Amino acid sequence: MGLTPIAGMPNYSGAPTYLIPARFWPEFLHKYYLMTTFREIANTDFEETIKGFGDVLHVRKVPDINTFVFNPGMMLPTQTNMAASAVDLTIDHGRGWRFPMDPVLLKQTDLKNVFDKWAYDAARQVDIAVETEMYAALPSLADSTNAGNTAGAKTGDLVLGAAGSGITLQPDDIVPWLITMERCLFQNNIIAGKEDGKVTGQDSKMFAVVPDFVYAYLMQAKLMQAIYTGDPESPLRTNAVGTVGPVTIYRSNNLSYSATTKETAVIFGVKRALSFALQLDIVETKPNPTYYGDIMQGLVVYGYNVMIPTGFGVSYVKAGSVTAPVAEG
């Protein structure tokens with residue numbers, strides 16, 4: 001109902017006169033979705049193989065070959081055990097959706113793309129659910145040298161925080177904290193962005209998936225003008241918000257968060273360490289068995305694992321109490 005007339009004057013809006021009609025926008029209202037980042041930080045190296053058949057893929061690892069000190073005339077020792085162990089990528093997750101395509105609704109509605117819109121929403125909801133599930137499970141798969149308050153494969157003196165005893169960060173702590181992550185990987189002989197002295201691009205690109213307050217703090221850190229650069233990829237697509245040194249930073253609202261301790265489990269590593277495989281992705285329509293029209297339904301079957309634990313880590317952090325910076329000049 002629009003304007004309310006004074007007593008004694010007729011109301012032309014709505015019943016009973018219907019002289020002023022209600023209108024509908026010819027499209028749906030724009031809907032915002034949680035941005036997903038897991039496709040940016042995980043590799044799909046094994047996806048094509050597992051798409052063929054099977055529910056687990058065994059990926060063999062190169063064994064460690066022993067060395068020895070040589071002295072002239074010595075009997076040369078021979079290593080006899082080169083058994084190759086393996087790490088598994090198991091396809092053990094599935095997620096689906098389903099709704100009726102009511103022919104009466106389609107006939108009578110002015111929104112003839114209604115089912116396509118619903119299907120698009122379903123696909124986005126699947127992505128969000130998959131990522132939320134992954135980001136809850138991944139922290140426990142981090143190597144012990146890339147987690148906790150005694151991190152660092154060589155030194156054991158790097159502090160990343162643990163569940164229940166997370167690090168409290170202030171703006172000027174962010175850059176040193178990010179570099180601590182890179183140091184963890186370096187102590188595991190992983191050089192972010194390089195392999196054999198050559199830049200290899202996405203495979204060894206280092207990432208950190210952070211909550212919103214970390215990005216906000218980055219914008220306040222005193223060192224940012226010198227070392228912060230924009231990411232060349234579109235943040236609208238990837239949610240990458242920039243780089244600090246070798247670390248590409250992604251924001252996410254899907255990280256595991258404790259409302260009790262106010263801690264967020266930040267994950268970091270190199271793309272080669274984390275694998276994701278989508279084995280089955282179907283969208284189909286079929287006759288509705290109990291009603292007129294069709295059913296539209298979708299299914300994804302997938303798996304993920306940290307294939308190289310030394311290349312993946314977790315840091316538990318919480319926001320400190322921040323005073324607004326004083327303007328300079």
Cα centroid separation - region 108-138 against region 162-177, whole Å | 34
In region 249-305, which trypsin sites (Lys or Arg not before Pro) fall in coil by DSSP and have 15 or fewer other Cβ atoms within 10 Å?
-> K262
Exposure proxy ranking, count of Cβ atoms within 10 Å, fewest first, for V62, V314, V87 = V62, V87, V314
In Hz, Karplus ³J(HN,Hα) per residue of region 244-253 (6.51, -1.76, 1.60; θ = phi - 60°; x = Gly, Pro) | 10, x, x, 9, 8, 9, 10, 9, 8, 9
To the nearest 10 degrees, the tilt of helix 114-137 (Cα long axis) against the first principal axis of the alpha carbons of the chain is 30
Residues with amide H under 5 Å from that of K205, placed H, sequence gap 5 or more | G193, K271, R272
GluC sites (Glu not before Pro) within region 6-48, DSSP loop, no more than 13 other Cβ atoms inside 10 Å | E27
Using θ = phi - 60° and the Karplus relation 6.51 cos²θ - 1.76 cosθ + 1.60, list the HN-Hα couplings for region 159-169 in order, rounded to whole Hz, with x at every Gly or Pro.
-> 9, 10, x, 9, 4, x, 9, x, 7, 8, 9
Residue by residue, what Karplus-based ³J(HN,Hα) values in Hz, rounded to whole numbers, does region 269-276 have, using 6.51, -1.76 and 1.60 with θ = phi - 60° and x for Gly and Pro?
-> x, 10, 4, 5, 6, 10, 10, 10
At 222 nm, what helix-only mean residue ellipticity would the chain give, in deg cm²/dmol to the nearest 500, using -39500 (n - 2.57) for each DSSP H run of four or more?
-> -6000 deg cm²/dmol
Fluctuation leader among N188, N305, N254 - the chain, Gaussian network, Cα springs under 10 angstrom | N188
List the residues whose amide H sits under 5 Å from the amide H of S252, counting only those 5 or more places along or on another chain, with H placed 1.01 Å from N in the peptide plane.
-> V210, D212
Tensor-based shape of region 96-144 (alpha-carbon gyration tensor, a/c under 1.5 rounded, otherwise prolate or oblate) = prolate
May I ask for the net charge around K286, where only other residues with Cβ less than 11 Å from the Cβ of K286 are counted and Lys, Arg are +1 while Asp, Glu are -1?
-> -1
Between G73, G313, G152, find the one with the highest GNM mean-square fluctuation for the chain; connect C-alpha pairs within less than 10 Å.
-> G73
Which one, (i) 50, 31, 15; (ii) 34, 21, 18; (iii) 31, 29, 17, gives semi-axes √(5λ) of the Cα gyration tensor in Å as derived from the coordinates shown?
-> (i)
Of W177, W97, W25, which is the most mobile in a GNM of the chain whose springs link Cα atoms less than 10 angstrom apart?
-> W25
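Every number in this text was worked out from the coordinates using simple rules, so none of it is lab data. All of these numbers come straight from a predicted model, not from anything done at the bench. Reconstructed Cβ throughout: ideal geometry from the backbone, glycine too, with neighbour counts over all protein chains shown.
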